[in-house]
Each structure stands twice: as C-alpha cells, then as structure tokens.
1. Starting from the exponent 0.38 and prefactor 2.2 Å, build the expected Rg for the chain from its residue count and divide its actual Cα Rg by it.
2. Given R₀ = 25 Å, what would the calculated FRET efficiency be for Lys26 paired with Ser48, taking r from the Cβ atoms and rounding to 0.05?
3. Go through segment 16-23 residue by residue and turn each phi into a ³J(HN,Hα) via Karplus (6.51, -1.76, 1.60, θ = phi - 60°); whole Hz please, and just put x for glycine and proline.
4. Return the sequence-ordered ³J(HN,Hα) values of segment 27-40 in whole Hz as given by the Karplus equation 6.51 cos²θ - 1.76 cosθ + 1.60 applied to θ = phi - 60°, using x for Gly and Pro.
5. For the chain, what is the relative contact order in percent, using Cα pairs closer than 8 Å and at least 6 residues apart in sequence?
6. Show me, for segment 8-15, the HN-Hα J-couplings you get by feeding each phi into the Karplus relation (A = 6.51, B = -1.76, C = 1.60, θ = phi - 60°), rounded to Hz, glycine and proline as x.
Amino acid sequence: MKELWQCQTPSCGYIYDPDRGDKKGKIPKGTPFEELPDDWKCPVCGASKKNFKKLG
C-alpha cells in the first residue's frame, strides 16, 4: 500500500503521491516520500519535508 504525505502549512494541504511523483521538482513517478532529497520543497507552497505528515 502506498503512503501519502500531506503538507501541514495552514495555506497549503498539498498531498505528495509517490505514484505521481513531482514534475515541478523533477521527482520521477514511483519515488517514496522517504527517498525524496533532503532539500526537496512542496511544489505548491515551498515548505520543507519536515512540514509533511503521513496520512492514514
């Protein structure tokens, strides 16, 4: 089962889906959240990985 991660900043709510990756951040489909680079940022609001929480 895939893990979805949601940005917790008040104005965002973006959900990172590994099945989709992140085109803007040049992250290929199939990349788990844990394997995103440490300097990866939310493509919507620019928040860092530490601002994300696993859903479910």
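1. Numbers: Rg = 10.1 Å, N = 56, 2.2 N^0.38 = 10.2 Å.
Its radius of gyration relative to the 2.2 N^0.38 Å reference: 1.00.
2. Numbers: r = 17 Å, r/R0 = 0.68.
In this case the efficiency is close to 0.90.
3. 7, 10, x, 5, 9, x, 9, 4
4. With the stated coefficients, segment 27-40 comes to 9, x, 4, x, 8, x, 3, 4, 9, 5, x, 4, 8, 5 Hz.
5. Working: 85 pairs, mean separation 22.6, N = 56.
So the answer I get is 40 percent.
6. Taking θ as phi minus 60°, the curve returns 9, 5, x, 9, 10, x, 3, 10 Hz for segment 8-15.
Read-outs: derived from the displayed coordinates by stated rules, not from any lab. Keep in mind that this is a model prediction, so the values were computed, not measured. Positions of Cβ are backbone-derived with ideal geometry, glycine not excepted, and every protein chain shown enters the neighbour counts.
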